[in-house]
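All remarks here apply to the structure that follows.
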Amino acid sequence: MRLVGHTLLRGFATIALTAVVAASVAGDQLDPIRDVLRRPWTDDDRTRAEVVQSLSSVKNSIPTLFQLYTAEVSLEVTRESSNQTEWWCEPERFSDLYLGALAISPPKQVVAYVQQRAENELSFESRIAIVRVLGALQDKLGTELLLDLSLEFSDLHLRSRTVKEPLERAFSAVFRADSSSLELVEKRTDEFTDELRDLLCRAARTAPCPESVAVLERLMSDGEEIDLELLRVISEMHAERPWLFRDEAKRVIQPFLFDKDWKLRRCAAVALTDLRDFETFSSIALLLDDEQAAVRSAAEWSLQNLSGLSREMSSTEWLDWFDTEIEWWTENEERLCADLRSGDAKLVMAAIRDLTRTSLFRDLAAQALADSLDDSNPALLITVCCALEKLDSRGVVPTLIELLHSRDANVRKVVNRTLVKLTGIERGPNYEDWESYIQS
């Protein structure tokens, strides 16, 4: 097996393995584990987390816990007076406890131990067990070893659920826990087969961070069909969390507007419409003079959606309309934002009406409305939340989630209703329920 020469891993391997591997050959390490499990934890005051913590705290327990998890050793002991084994010795009963204990053990020691195991011939099941352990550990240190193990599986293996699902879950967990782990994948993309590229793409898409976009670009960099898929994937990631991916999505998609391939030009026009990026309006308008009818049709559809207008116009007419809208927004943005904060009911309602009428600038309008919100005026909050639902801008989700800190249960209820409308997700009316959704 070709193993990684990761400098960081090699740096701590000698120290960690001296303590950990030596423990695996010195005496019986099972008794301390038995002592933890012997008490019927389902019947006493201990929680599962406390049992896992106790297992993790056993001195030099990593080799033993791994061997128990893979069923290489067993706690099974038969009572002298009968042929029945004690209930706490059933291996399958504690598999998740062993994995949980490894997941909260020192990452350097866990990675060092499983890497040392991977250097030897392992059964197929043991390799999958290492993948699951690294996924549960959720630490960047395991990324290189996960990649090495992945490269040892054939494409046939990578298409099977037995291998594909634990690998994909493991990579997703590591990517979500530490976005810098994606950089290690990006550096090794030339080594991957198509099956592994597809698996890593699916895992990278689950990581809510801009770094995942660069990895997807590298993994999906060859061929017309791949470029089309890249545009679709990036658009979907932006639609889910625009506050994280707006700049990255625009950077990737905009160059395709004038690609030599007309299919990519058409797809880019549609994708930029989904981004609702008014700054690319002029570029899209130029596609109305494209040589391909499909591109012209996509451009016209895009302009109508961005503008909220159903009329057909030439590129010159659209550009003139765009200049007028830019002028209106430039002249009125500051005044409208001031009116929202004025406390004058008439000015506030007039500003809300003006802001909800704009289609081209609806993301900016929605953010202005969201920034004006507080929990001191429940009636106004309801009105603004209704306006936000009409504008349908997910970009304000982080601002709305912050309002869930309010002590007013009715405020939280109203805000949660708007969050559900904007995201299609129901998480509850408390900040803690939504916090992880906005974190990168």
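Just so it is clear, none of the values below were taken in a lab; they were calculated from the coordinates. These numbers were taken from a predicted model, which means no experiment stands behind them. Heads up, the Cβs are rebuilt from the backbone with ideal geometry, glycines too, and the neighbour counts pull from every protein chain shown.
Quick check: net charge around ILE438, other residues with Cβ under 13 Å of its Cβ, Lys/Arg +1 and Asp/Glu -1?
Once all neighbours under 13 Å are counted, the net charge is -2.
Pairs LYS187/LYS260; LYS250/LYS346; LYS108/LYS164; LYS140/LYS390; LYS260/LYS390; LYS260/LYS421: which are spaced more than 31 Å apart, C-alpha to C-alpha? Write down the numbers at each step before the final one.
Values: LYS187/LYS260 29 Å; LYS250/LYS346 38 Å; LYS108/LYS164 26 Å; LYS140/LYS390 42 Å; LYS260/LYS390 38 Å; LYS260/LYS421 39 Å.
Correct reply: LYS250/LYS346; LYS140/LYS390; LYS260/LYS390; LYS260/LYS421.
For segment 258-365, compute the orientation-averaged projected area of the C-alpha convex hull (one quarter of its surface), in nm².
6.9 nm²
Over the alpha carbons of the chain, what is the largest minus smallest coordinate on each principal axis, giving the biggest first in Å?
Here the Cα extents, ordered largest to smallest, are 90, 55, 38 Å.
Just to be sure I understand: with springs between alpha-carbon atoms less than 10 Å apart, which residue in ARG202, ARG417, ARG407 has the highest mean-square fluctuation in the Gaussian network model of the chain?
ARG407
Round to the nearest 0.05 the FRET efficiency obtained for SER310 and ARG34 when R0 = 56 Å and r is the Cβ-Cβ distance.
Details: r = 74 Å, r/R0 = 1.33.
With R0 = 56 Å, the Cβ-Cβ based efficiency is 0.15.
Taking Cα atoms of segment 180-234, Rg/Rh with Kirkwood Rh, to two decimals?
Ratio of gyration radius to Kirkwood radius for segment 180-234: 0.92.
Can you give the convex hull volume per residue for the Cα atoms of segment 225-312, as a whole number of Å³?
So the per-residue Cα hull volume is 84 Å³.
For the chain, what is the mean residue ellipticity at 222 nm derived from helices alone (per DSSP H run of n ≥ 4: -39500 (n - 2.57); sum divided by total residues; nearest 500 deg cm²/dmol)? Could the numbers behind the result be given before it?
On the way: 25 runs with 296 residues, N = 440.
Result for the chain: -21000 deg cm²/dmol, rounded to the nearest 500.
Give me VAL131, VAL52 sorted ascending by neighbouring Cβ count inside 10 Å, so fewest comes first.
Starting with the residue having the fewest Cβ neighbours, the order is VAL52, VAL131.
Short version: what are the Cα gyration tensor semi-axes of segment 332-438, square root of 5 times each eigenvalue, largest first, in whole Å? Before the final figure, lay out the partial values.
Values: eigenvalues 103, 48, 21 Å².
One finds semi-axes of 23, 15, 10 Å for segment 332-438.
Starting from the Cα-Cα distance between ALA345 and THR162, subtract it from 0.36 nm times their residue separation and give me the gain in nm to one decimal.
59.7 nm
Pairs of Cα atoms under 8 Å, at least six residues apart: use those to get the relative contact order of the chain, whole percent.
Reported relative contact order: 8 percent.
Taking the chain as a Gaussian network, where each spring joins two C-alpha atoms under 10 Å apart, which residue of ASP374, ASP148, ASP344 fluctuates the most?
ASP344
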